[in-house]
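The values are calculated or read from the model by the stated rules, or taken from the named source; none is laboratory data. Just so it is clear, the model here is predicted, and its values are computed rather than measured. Note that we place each Cβ from the backbone using ideal geometry, even for glycine, and neighbour counts take in every protein chain shown. Side chains included, ligands, DNA and RNA excluded: accessible areas come from the protein's heavy atoms. Shrake-Rupley method; radii C 1.70, N 1.55, O 1.52, S 1.80 Å.
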Amino acid sequence: MAFQTILFDSADGIARLTLNRPDRLNSLDRVMLVEIREAFDRIRTDASIRALLITGSGRAFCAGQDLQDPGALESPEAVGALVSKFYNPMIGDLRNLEIPVIAVVNGVAAGAGSSLALACDLVLAARSASFVQAFGRIGLIPDAGGSAMLPRLVGPARALGLALLGEPLPAETAEAWGLIWRCVPDEALSGEADALAARLATQATRALGLTKRAINGAADRSLEQQLDVEADLQAKAADTADFREGLAAFLEKRPARFTGR
Ligand code: T3D
């Protein structure tokens, strides 16, 4: 079934999800929030998909909540429900995808649009892109996981500076601060994103998914707990065809041919 607010397709093990409301800078209305989750459902049930790219159409990545979505912001209860029924499940589903997810930030990422990008595993941004914690400017707080991701990625001092001041952070500074994986020249963004996805989609997918689980939960665990988690997840990784192939390839001095199983 076709989507109204996003473009979604997959080929060669790579799914592409494009936020597609360019006249509204790809801001998130409730239809789009639901459709993004439907795309995640498709990914979860299609074992041929081994990497996901998320980007925006036109000049923006995503301007956050659609401030003109009728009724969405009409009362404190509506806002609370929007967060708990739409944003939180969407971010939870994204974080739990067991394949690598790359945010391809082609332009401004504001408010929940920035949070969406930062919830991805790798963020690749065009040099002209920027990250804006726009929430405070309209009297809201960082949501869609932003208040968790920002301090984890850049520490509380910078997280507070970004969130309290709401100034655009240029992609180059975002890279220098460790907020994102890499900033690249605008004209190189699409090619770099495709190359990164192609590389990831031919790796040992199950191990990459388990690596995400280990690293994403690490901040909430003690070293002892994390060591236990590593033992458990390593046993799971070792129980895959890709591990057997990786080991055999090493011993036979040839490139591994991973299948994602
Ligand atoms: O209930 C809840 O859960 C609330 C959840 C909140 C999470 C959030 O995301 S809160 C933050 C919401 N986002 C913002 O406050 C950002 C609003 N947008 C901007 O500040 C600016 O548009 C940008 C900094 C992103 C880009 O600026 P600029 O100058 O490049 O573009 P522009 O001219 O402001 O916008 C272009 C058009 O997009 C414009 O429409 P027009 O005049 O051409 O018809 C503008 O109204 C529209 N647009 C931009 N952002 C949004 C939007 N329309 C609806 N919602 C938006 N967020």
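Gain on full extension, evaluated as 0.36 nm per residue between A231 and D41 minus their Cα-Cα distance, stands at 65.5 nm. Across segment 55-63, computed HN-Hα scalar couplings (Karplus, 6.51 cos²θ - 1.76 cosθ + 1.60, θ = phi - 60°) run 9, x, 7, x, 8, 10, 7, 5, 8 Hz from first to last residue, x flagging Gly and Pro. Which of the lysines could be linked to K236 by a straight reach, that is with a Cα gap under 26 Å, when you skip same-chain ones fewer than 8 residues away? Hits, sequence-local ones excluded: K212, K253. Rg and Dmax of the chain, both derived from C-alpha coordinates alone, stand at 18.8, 64 Å.
What FRET efficiency comes out for the pair R261/A218, r = Cβ-Cβ distance, R0 = 22 Å, nearest 0.05? Given R0 = 22 Å and the Cβ-Cβ separation, E is 0.25. Within the shell defined by Cβ-Cβ distances under 12 Å, the residues around T211 carry a net charge of +1, with Lys and Arg each +1 and Asp and Glu each -1.
Pair-distance distribution P(r) for segment 23-172, from all Cα-Cα distances in 10 Å bins starting at 0: 11, 43, 36, 9, 0 percent.
Gyration tensor over the Cα atoms of segment 205-251: the corresponding equivalent ellipsoid has semi-axes (square roots of 5 times the eigenvalues, largest first) of 24, 10, 7 Å. Rolling a 1.4 Å probe over the heavy atoms of the protein chains gives segment 205-251 an accessible area of 63 Å² per residue. Note on segment 57-130: Rg/Rh from Cα positions, Kirkwood definition for Rh, rounded to two decimals, is 1.02. Each part reduced to its alpha carbon centroid, segment 97-116 and segment 168-219 end up 10 Å apart. Close amide H partners of A51, meaning residues 5 or more places away or on another chain with modelled amide H under 5 Å apart, are A15.
Estimated from helical segments only, the mean residue ellipticity of the chain at 222 nm is -14000 deg cm²/dmol, where each DSSP H run of four or more residues counts as -39500 (n - 2.57).
Using C-alpha pairs below 8 Å separated by at least 6 residues, the relative contact order for segment 6-200 is 20 percent. Express the Stokes-Einstein translational diffusion coefficient of segment 114-261 in µm² s⁻¹, to the nearest whole number, given a Kirkwood radius over alpha-carbon pairs, 4 °C and a viscosity of 1.567 mPa s. So the translational diffusion coefficient is about 73 µm²/s.
In this structure, T173 and E252 have a Cβ-Cβ separation that, at R0 = 35 Å, corresponds to a calculated FRET efficiency of about 0.15.
Heavy atoms of the protein chains alone define the surface here; on that basis segment 6-200 has 44 Å² accessible area per residue at 1.4 Å probe size.
For the chain, the carbon plus sulfur part of the accessible surface works out to 56%, probe radius 1.4 Å.
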